[in-house]
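First comes the structure, then the notes that go with it.
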Amino acid sequence: QLQLQESGGGLVQPGGSLRLSCAASGFTLDVYAIGWFRQAPGKEREEVSCISNSGGSPKYVDSVKGRFTISRDNAKNTVYLQMNSLKPEDTAVYYCAAAGGCSGYLYKYWGQGTQVTVSS
């Protein structure tokens, strides 16, 4: 079965850090671009970051640029999102998804999401 599974979410204080993982089951991630998305209550889902299949030219939404870093380890079939200097407005359910590329491609596979809560 084809699945993506996020992990690493939790409760963290403002200014803290979390590292999210996105692991594939039933298929390999090396031919896919992987995007990270988030959705907060009452808000639409937004794309936070995306990394190509080769790992080059990662993209970030302006609100997380300089704080978040996306990376991948194809040997482990896993993509990561390192989140530093977290703010309360980063609170959301975070999802990973796989597509043919970071621009102009449909995200075919999605995970169930992991909750990130930033609060004092």
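Of all residues in the range 4-34, those that are in a strand (DSSP E or B) and either without any contact (Cβ under 8 Å) to a residue 60 or more places away in the chain or closer than 17 Å to ASP73 by Cα (or both) total 13. Filtered by the rule that a residue be modelled with pLDDT of 95 or more, under 15 Å from PRO58 (Cα atoms) and surrounded by fewer than 18 Cβ atoms within 10 Å (Cβ to Cβ), the range 71-99 gives SER71, GLN82.
Need the failing condition index for LEU2 against (1) of a type in the set (A, V, I, L, M, F, W, C); (2) modelled with pLDDT of 95 or more; (3) open to solvent by 20 Å² or more (accessible area, probe 1.4 Å), just the number. The one condition LEU2 does not meet is (2).
Considering (1) open to solvent by 70 Å² or more (accessible area, probe 1.4 Å); (2) touching a residue at least 24 places away in the same chain (Cβ under 8 Å); (3) part of a strand (DSSP E or B), the lone condition that GLU47 does not fulfil carries the number (2). Within the range 8-44, the residues that satisfy the criterion of being surrounded by fewer than 16 Cβ atoms within 10 Å (Cβ to Cβ) and either of a type in the set (D, E, K, R) or in contact with a Cys (Cβ under 8 Å, 6 or more places away or on another chain) (or both) are ARG19, ASP30, LYS43, GLU44.
Exactly one residue out of VAL31, VAL48, VAL64 is among the hydrophobic types (A, V, I, L, M, F, W, C) and under 10 Å from the mean Cα position of the chain (by Cα), and it is VAL48. Would you mind stating whether GLY55 is of a type outside the set (Ser, Thr, Tyr) and farther than 22 Å from GLN115 by Cα? In short, yes.
The values are calculated or read from the model by the stated rules, or taken from the named source; none is laboratory data. Since the model is a prediction, treat every value here as computed from it, not as a measurement. Cβ: placed from backbone, ideal geometry, glycine included. Neighbour counts: every protein chain shown. Protein only, heavy atoms only, side chains kept; ligands, DNA and RNA dropped before computing areas. Shrake-Rupley method; radii C 1.70, N 1.55, O 1.52, S 1.80 Å.
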